[in-house]
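My structure is below; once you've seen it, I'll send some questions.
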Amino acid sequence: MAAPESGDGNNGAARMVTLISSDNTRFEVEAAAASLSQTLQLTILDGGGGGGDGIPLPNVDSATLSKVLEYCIKHAPAAANGGAPNATAVDRAELERFDNEFVNIDQSVLYSLIMAAHNLEIEGLQSLVAKKVADMIKGKSPMEIRRTLGFPDPTPEEQAEMNAHMLEYGWAYE
Amino acid sequence: MSEIDPAAACLPVLPEDVVTVILDRVPDLVSLFRCSVVCKRWRRLVSDPVFLRRRWPEGCSSLGRPSLLGFFVHRDRINTSAKRKISRLYPSLSPVFVPVPDSVLGPERRFLTSFIRDDAGILDDAKPLVARGGLLLVRITPRSLDKNNVLCLCMCNLLTGRRELLPPLDASLLDDNGVTGYSLVTAADHDAGPHPLADGYSNLFQVLLIGVARENWRLHLYKFSSAAGESQGWHSYDCRQPVSLSGPFECRIAVVACGTSQWLFQGNDANNQRLYTLDVSINSGHISLTFTMLQFDELTHPIGSFLPSAWLCTIDARLALLCARSNQLEIWSRLYHQNGTLRWHPTQSIRMEINLFGEPLSPVCFIENSDAVLVLYHSDPEFAYLLDLQFGSVTKVAGWTRSFNYMTAVSYEIN
């Protein structure tokens, strides 16, 4: 499987771990990157995932996992610096540009990503995707929110409730 | 933004934890306000006091913090032959209401009949079983004493003051312990409606009862729903558990999250160290049962010989285990283990400031929305304490006495 290049060129000394997606694809990745996941971090600290045995992730498919790892690899160096107090403005701008680009993806992928980030407890990623979805919600009417996010058509009762709400709280819809 | 593929995963099916993370980031009040009418589930999530408190910590008092008012509890007869008298201290035979300190209802002792009109005395000697969302389920004493196996239950709406009797349940199928677990699923736990009600009921609810069948020692579930459309009356299910189980373990009241009721059971294996959850979820009349063995690390197993107690609960809307060990309460959460399984690990420990002769404290009643638990020391039954799981603070509950049957204590919370 495509192994990511070791980020800091540390003579290959960086410890690698193997993650196995639900469809049995193996991903080899630096322990530092995988450790962005709180759940994986415990396992990795315990010495898991090295050598021949990988860490199975039964809830994450390979397409999602590769996207998750793209994020982790990019963010690992900054995370290793403890939130990067000494990162340069250029570095920070670069990460921000990456993040914006990263979530510019299909909605279904966003949902798989946020589920994966939730299960793996990758706070930065979860927050990034949640922010993206929240921005899609911002400024829309309840009906528009439903349409944007792929809710089924409202039942007559739900429709009536929305209408009543708009009537009663007109100020929220100006 | 690309077009939505209707077949793809969509936001409505994401778990509530995740939706909450998104709602947490909706930037402005107006947008959030609009979110609250998108669907019933979102309404519940947005109006959840825990959510509001997190979004506006400074304004929590004005936004209506969930408020624990107190506990309903049955008062024991001093001895079984003595007929209880109506006294000045206890002018009603119905369950006692013990307010918590700072209860908005004030410090005075009340009775269930202060909330529910009951001229016929139906609630005399009633035993509180489970309360949720402003509803309180009690067991009432059948009029004829020869029907010992018949369970007469009454649903009390503490806000409207109405009470509604459930059809009597003949539970003679169960062993001598009868019903050992209860769950109350209220309107807020149901998916978005409409849910028309059956005749004679003004509240949407489902009651689940669990016990062990006398004949085959298997768990047996009874279900009643006030929704119209299902044939009225009790439905009965053989749980067909894969292993021999006893319980519910420690706590008879199920944890209800996202419409699913969960109880904890102990496996009857050699050392009784295995714990299982039973999840019961009911959707549009279809019932599904799942047994899951809890995975622990050998070294930190919570119910070794020194840790007799483990309670299932929700903290900040996540499933957790409460384990009492001498004067501390440990909170256990589920984390992924390296082999991909979810394992339970201790994540927090709260030390009680009081400790009686090293006796472990006993959780009596978990208070869902307040992240608190009512605890007792059995050697000092005159007092009960309220333990706040967020701050670890302990408050004595005035007005508690040893004549209360702590097994029947249920909390009353409002939003």
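The values are calculated or read from the model by the stated rules, or taken from the named source; none is laboratory data. From a predicted model like this one, the values you see are computed outputs, not experimental measurements. Here the Cβ positions follow ideal geometry from the backbone for every residue, glycine too, while neighbour counts run over all protein chains shown.
Tally up the residues in the range B:328-349 that are surrounded by fewer than 18 Cβ atoms within 10 Å (Cβ to Cβ) and at pLDDT below 80, please.
Summing the residues that are surrounded by fewer than 18 Cβ atoms within 10 Å (Cβ to Cβ) and at pLDDT below 80 in the range B:328-349 gives 6.
If you don't mind, another one. Would you confirm whether or not the range A:152-166 contains a residue that is within 30 Å of B:ARG343 (Cβ to Cβ) and more than 7 Å from chain B (Cβ to nearest Cβ)?
Within the range A:152-166, the subset within 30 Å of B:ARG343 (Cβ to Cβ) is none.
No, the conditions are met nowhere in the range A:152-166.
Here is a further query. Can you confirm whether A:ILE114 is within 11 Å of chain B (Cβ to nearest Cβ) and modelled with pLDDT of 90 or more?
Working: within 11 Å of chain B (Cβ to nearest Cβ): yes; modelled with pLDDT of 90 or more: yes.
Answer is yes for this residue.
Could you run through the range B:224-244 and say how many residues are surrounded by fewer than 16 Cβ atoms within 10 Å (Cβ to Cβ) and of a type in the set (Phe, Trp, Tyr)?
Within the range B:224-244, residues that are surrounded by fewer than 16 Cβ atoms within 10 Å (Cβ to Cβ) and of a type in the set (Phe, Trp, Tyr) number 1.
Let me ask something else. So, B:ASP316, is that one surrounded by fewer than 18 Cβ atoms within 10 Å (Cβ to Cβ), within 17 Å of the chain's Cα centre (by Cα) and at pLDDT below 75 or not?
Criteria met by B:ASP316.
Additional query: State all residues of the range B:11-32 that are more than 29 Å from the chain's Cα centre (by Cα), in a helix (DSSP H, G or I) and within 7 Å of chain A (Cβ to nearest Cβ); if no residue qualifies, say none.
Hits for the range B:11-32 are B:VAL30, B:SER31.
Let's see how each residue does on (1) touching a Ser or Thr at 6+ places or on another chain (Cβ under 7 Å); (2) touching a residue at least 12 places away in the same chain (Cβ under 8 Å); (3) within 20 Å of B:TRP263 (Cα to Cα):
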residue	(1), (2), (3)
B:PRO167	no, yes, no
B:ASN177	no, yes, yes
B:SER183	yes, yes, yes
B:PHE224	no, yes, yes
B:ALA228	no, yes, no
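Starting from the range A:18-44, take each residue that is within 11 Å of chain B (Cβ to nearest Cβ) and list its partners that are of a type in the set (A, V, I, L, M) and surrounded by fewer than 22 Cβ atoms within 10 Å (Cβ to Cβ), counting only C-beta distances under 6 angstrom and pairs at least six apart or across chains.
From the range A:18-44, the pairs are A:THR39/B:LEU335; A:ILE44/A:ALA31.
Additional query: Quick check on my filter: what residues within the range A:117-151 are part of a helix (DSSP H, G or I), more than 8 Å from chain B (Cβ to nearest Cβ) and within 25 Å of A:LEU40 (Cβ to Cβ)?
Residues satisfying the conditions are A:ALA117, A:GLU123, A:GLY124, A:LEU125, A:LEU128, A:VAL129, A:LYS132.
Quick check on my filter: what residues within the range B:179-223 are over 19 Å from the mean Cα position of the chain (by Cα), surrounded by fewer than 21 Cβ atoms within 10 Å (Cβ to Cβ) and in a strand (DSSP E or B)?
B:LEU197, B:ALA213, listed by residue number.
Further, regarding this structure: Any residue that is at the interface with chain B (Cβ under 7 Å from one of its Cβ atoms) and either in contact with a strand residue (DSSP E or B) (Cβ under 7 Å, 6 or more places away or on another chain) or part of a loop (DSSP other than H, G, I, E, B) (or both) - is there at least one of those in the range A:99-108? So that I can check it myself, show each step before the final result.
Here is the first cut: in the range A:99-108, the residues at the interface with chain B (Cβ under 7 Å from one of its Cβ atoms) are A:106-108.
Adding the requirement that they be either in contact with a strand residue (DSSP E or B) (Cβ under 7 Å, 6 or more places away or on another chain) or part of a loop (DSSP other than H, G, I, E, B) (or both) leaves A:106.
Within the range A:99-108, one or more residues are at the interface with chain B (Cβ under 7 Å from one of its Cβ atoms) and either in contact with a strand residue (DSSP E or B) (Cβ under 7 Å, 6 or more places away or on another chain) or part of a loop (DSSP other than H, G, I, E, B) (or both).
What residue, among those in the range B:236-274 that are of a type in the set (Val, Ile, Thr) and assigned to a strand (DSSP E or B), is nearest to B:CYS365 (Cα to Cα)? If you could, list the steps in order and put the result at the bottom.
So in the range B:236-274, the residues of a type in the set (Val, Ile, Thr) come out as B:243, B:253, B:255-256, B:260.
Subset that is assigned to a strand (DSSP E or B): B:253, B:255-256, B:260.
On the way: B:ILE253: 9, B:VAL255: 12, B:VAL256: 14, B:THR260: 19 Å.
This residue is B:ILE253.
Do we find a residue being within 18 Å of A:MET16 (Cα to Cα), assigned to a helix (DSSP H, G or I) and touching a Pro at 6+ places or on another chain (Cβ under 8 Å) anywhere in the range A:78-97?
The answer is no; no qualifying residue exists.
Could you tell me which numbered condition A:THR148 fails, if it satisfies all but one of (1) more than 13 Å from B:ARG25 (Cβ to Cβ); (2) modelled with pLDDT of 90 or more; (3) surrounded by fewer than 21 Cβ atoms within 10 Å (Cβ to Cβ)?
Result: A:THR148 fails condition (2) only.
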